[in-house]
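Down below is the structure, laid out as structure tokens.
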Amino acid sequence: MTRSEARPRVVIAGLGDSGLLTAIHLARHAEVVGISSKPALVSGQELGMRLSRPDVWARDYWISFDRYRQLDEVRTVHGTLTGVDLVTRTVGVELADGTTTSEPYDVLVISTGVTNGFWRRPHLQSAAEVAQDLDGAHARLAHAHSIAVLGGGAAAVSTAANLALTWPTKQINLYYPGERGLPHHHGRTWRAVAQRLTDRGVGLHPGHRAVVPEGFTCNRITDTPVEWSTGQDPVSADAVVWAIGRVQANTSWLPTELLDDDGFVRVEADLRVPGHSGVFAVGDVAATDPLRSSARNRADKLLARNIRAHLTGGPLKGYRPPGRRWGSVLGVQPNGLEVFSASGRILRFPAWSIGRVLQPWIVRRGIYRGVRPEG
Ligand SMILES: Cc1cc2nc3c(=O)[nH]c(=O)nc-3n(C[C@H](O)[C@H](O)[C@H](O)COP(=O)(O)OP(=O)(O)OC[C@H]3O[C@@H](n4cnc5c(N)ncnc54)[C@H](O)[C@@H]3O)c2cc1C
């Protein structure tokens, strides 16, 4: 069979939260190849739970590709994308064994996400190295008596709250630059979360903007005093978690003509990369809107639909982002899960429903269309 008679070939560059779901939606409609520097979904979500209860986090957020039923037809390649040739329509990959290969595509999905702090990095890792990272960060914090968490976004706030839940006797302080945390969420969301933090004894310190030491990329937990550009005295803690939202797009493998001034992939409303037919982007790497919110708003479904329309000559639809952040901030807590809407309203899943309804039926069956049990 020649390539033109074969099913269209979709290469998904980056199998994180958005790439994986896009692959799942397209598996039955195209020949799908997913390329990932990790041997599994290693989600960037729920940092607080990941640091404080890594075993619980891993159960739901670190899942090997062979457990997803809909990926049975998808070929996954464990390697690092090194470049794209937009004329011959191929991507270059350095495989885990150090050899190189190239993968041709009819459609390319760019979903390589962002680098954020020490917990979301794009380098090639084996399962053992992922485990080492998880255990190392947890052990580092377990041994600290005092912990300073820097940042006001969901990652920082959830870290402070979950560390305080797991280790109520540690001294935990949260420092953020604004008057309030969660500046992109509704005020009601912050008020509810601030109450949980205060109830758990977390010290809240608004108006503190940390000075990032020269050359430091926030890629590890530190223990040197933190200085403030806002004028306060330096602060010392046994462990300092930098979650200041300094994200960097994982786009060094792409030509600059695809990128905006901040290094994110330029997209039209329908997630096409302008000027390059058959190239799309989704997730945190895609410059869809100021909050780059297409991952959390599940634009993977729209993208899969648009790719099918592109292949059959149908009309494409646009992504419409909400103006505010929404979602779970603290993750699953002993009394269940709270999901905050864009207007700050709370949808509560009681604790009993997490293991019996939310995970098996809504997440594993509904969102991922079948996940095999571990082992
Ligand atoms: C179902 C779902 C629920 C969500 N719920 C919430 C919520 O409640 N609250 C909230 O704030 N957010 C939520 N989010 C969004 C989430 O916070 C992030 O936005 C999301 O994890 C970003 O996904 P991504 O695919 O863009 O990036 P990532 O998940 O980081 O995936 C990128 C992948 O590409 C790999 N990669 C990078 N560079 C290369 C390379 N050169 N070669 C090979 N591989 C590479 C990376 O290692 C990684 O595996 C949710 C997302 C989903 C899908």
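Of all the residues that make up region 92-107, how many are within 13 Å of the ligand (Cβ to nearest atom) and within 18 Å of ALA6 (Cβ to Cβ)?
1
Regarding THR251, is this residue at pLDDT 95 or above, within 16 Å of the ligand (Cβ to nearest atom) and of a type in the set (Ser, Thr, Tyr)? Steps first, please.
Numbers: at pLDDT 95 or above: yes; within 16 Å of the ligand (Cβ to nearest atom): yes; of a type in the set (Ser, Thr, Tyr): yes.
Spelling it out, THR251 is indeed at pLDDT 95 or above, within 16 Å of the ligand (Cβ to nearest atom) and of a type in the set (Ser, Thr, Tyr).
Do you know which residues across region 314-348 are assigned to a strand (DSSP E or B) and within 12 Å of the ligand (Cβ to nearest atom)?
Step one: list which residues in region 314-348 are assigned to a strand (DSSP E or B), which gives 327-328, 333, 336-340, 346-348.
Passing the criteria: GLY327, SER328, LEU337, GLU338, VAL339, PHE340, LEU347.
What is the residue count in region 43-64 for residues that are among the polar types (S, T, N, Q), touching a Phe, Trp or Tyr at 6+ places or on another chain (Cβ under 8 Å) and within 15 Å of the ligand (Cβ to nearest atom)? Let's see the steps before the verdict.
Taking region 43-64 as the starting set, the residues that turn out to be among the polar types (S, T, N, Q) are 43, 45, 52, 64.
Then drop every residue that is not touching a Phe, Trp or Tyr at 6+ places or on another chain (Cβ under 8 Å), which leaves 43, 45, 52.
Of the ones still in play, those that are also within 15 Å of the ligand (Cβ to nearest atom) are 43, 45.
Looking only at that region, the number is 2.
Just checking, does region 137-151 include any residue being within 16 Å of the ligand (Cβ to nearest atom) and over 14 Å from the mean Cα position of the chain (by Cα)? It would help to see each step written out before you state the result.
We begin by selecting, within region 137-151, every residue within 16 Å of the ligand (Cβ to nearest atom); these are 151.
Subset that is over 14 Å from the mean Cα position of the chain (by Cα): 151.
Yes, there is a match, as at least one residue in region 137-151 is within 16 Å of the ligand (Cβ to nearest atom) and over 14 Å from the mean Cα position of the chain (by Cα).
Considering (1) within 26 Å of HIS25 (Cβ to Cβ); (2) in a helix (DSSP H, G or I), say which one GLY355 fails and leave the rest.
(1)
Would you be able to tell me the number of residues in region 114-131 that are assigned to a helix (DSSP H, G or I) and either away from the ligand (no atom under 16 Å from the Cβ) or aliphatic (A, V, I, L, M) (or both)?
So the first thing to find is which residues in region 114-131 are assigned to a helix (DSSP H, G or I), and the list is 127-131.
Imposing the further condition that a residue be either away from the ligand (no atom under 16 Å from the Cβ) or aliphatic (A, V, I, L, M) (or both) reduces the set to 127-128, 130-131.
Going through region 114-131 one residue at a time, the tally reaches 4.
Quick check on this structure: which one of ARG67, ARG75 is touching a Lys or Arg at 6+ places or on another chain (Cβ under 8 Å) and either near the ligand (Cβ under 10 Å from one of its atoms) or of a type outside the set (A, V, I, L, M) (or both)?
Numbers: ARG75 fails: touching a Lys or Arg at 6+ places or on another chain (Cβ under 8 Å).
Exactly one residue qualifies, and that residue is ARG67.
Would you say PRO206 is out of contact with any strand residue (DSSP E or B) (no Cβ under 7 Å at 6 or more places or on another chain), at pLDDT 95 or above, under 25 Å from ASP233 (Cβ atoms) and crowded, with 16+ Cβ neighbours inside 10 Å? First the steps, then the outcome.
Working: out of contact with any strand residue (DSSP E or B) (no Cβ under 7 Å at 6 or more places or on another chain): yes; at pLDDT 95 or above: yes; under 25 Å from ASP233 (Cβ atoms): yes; crowded, with 16+ Cβ neighbours inside 10 Å: no.
No, not satisfied.
Output the residue which, of all residues in region 249-268 that are within 20 Å of ASP289 (Cβ to Cβ) and among the small types (Gly, Ala, Ser), is surrounded by the most Cβ atoms within 10 Å (Cβ to Cβ).
Applying the filter and picking the extreme gives ALA249.
Residue check, ARG50 against (1) within 13 Å of the chain's Cα centre (by Cα); (2) under 22 Å from LEU302 (Cα atoms); (3) surrounded by 24 or more Cβ atoms within 10 Å (Cβ to Cβ), all met but one. Which one?
Looking at each condition in turn, ARG50 falls short on (2).
Of the conditions (1) surrounded by 16 or more Cβ atoms within 10 Å (Cβ to Cβ); (2) assigned to a loop (DSSP other than H, G, I, E, B), ILE307 clears all except one; give me its number.
For ILE307, the exception is condition (2).
For region 290-304, give me each residue that is assigned to a loop (DSSP other than H, G, I, E, B) and either surrounded by 24 or more Cβ atoms within 10 Å (Cβ to Cβ) or within 11 Å of the ligand (Cβ to nearest atom) (or both).
Step one: of region 290-304, the residues assigned to a loop (DSSP other than H, G, I, E, B) are 290-298.
LEU291, ARG292, SER293, SER294, ALA295, ARG296, ASN297, ARG298, listed by residue number.
Tell me whether region 363-373 contains one or more residues that are touching an Asp or Glu at 6+ places or on another chain (Cβ under 6 Å) and not in a helix (DSSP H, G or I). Walk me through how you get there before you give the answer.
If we filter region 363-373 for residues that are touching an Asp or Glu at 6+ places or on another chain (Cβ under 6 Å), which is where we start, we get none.
So far as region 363-373 goes, no, none of its residues is touching an Asp or Glu at 6+ places or on another chain (Cβ under 6 Å) and not in a helix (DSSP H, G or I).
Any idea which residue in region 155-170 is farthest from SER328 (Cα to Cα), counting only those that are of a type outside the set (Val, Ile, Thr) and free of Cβ contacts under 8 Å to residues at least 40 places away in the same chain? Spell out the reasoning first.
Step one: filter region 155-170 for residues of a type outside the set (Val, Ile, Thr), giving 155-156, 158, 160-165, 167-168, 170.
From the residues that got through so far, the ones that are free of Cβ contacts under 8 Å to residues at least 40 places away in the same chain too are 164, 168, 170.
Working: ALA164: 18, PRO168: 22, LYS170: 24 Å.
Looking at residues that are of a type outside the set (Val, Ile, Thr) and free of Cβ contacts under 8 Å to residues at least 40 places away in the same chain, I get LYS170.
Taking region 152-170 as the search range and keeping residues that are surrounded by fewer than 21 Cβ atoms within 10 Å (Cβ to Cβ) and not in a loop (DSSP other than H, G, I, E, B), which one is nearest to the ligand (Cβ to nearest atom)?
LEU165
Within 15 Å of the ligand (Cβ to nearest atom) and in contact with a strand residue (DSSP E or B) (Cβ under 9 Å, 6 or more places away or on another chain): does that describe LEU86?
On the way: within 15 Å of the ligand (Cβ to nearest atom): no; in contact with a strand residue (DSSP E or B) (Cβ under 9 Å, 6 or more places away or on another chain): yes.
No; evaluated as a whole, the condition is false for this residue.
Identify the residue in region 1-42 that is touching a helix residue (DSSP H, G or I) at 6+ places or on another chain (Cβ under 7 Å), more than 12 Å from THR112 (Cα to Cα) and small (Gly, Ala, Ser) and, among all such residues, is nearest to the ligand (Cβ to nearest atom).
Across region 1-42, the extreme among qualifying residues is ALA40.
Does region 352-364 hold any residues that are surrounded by 13 or more Cβ atoms within 10 Å (Cβ to Cβ) and of a type in the set (Gly, Ala, Ser), and which are they?
Across region 352-364, the qualifying residue is only SER353.
The values are calculated or read from the model by the stated rules, or taken from the named source; none is laboratory data. All figures in this text were calculated on a predicted structure; none of them were measured in a lab. Reconstructed Cβ throughout: ideal geometry from the backbone, glycine too, with neighbour counts over all protein chains shown.
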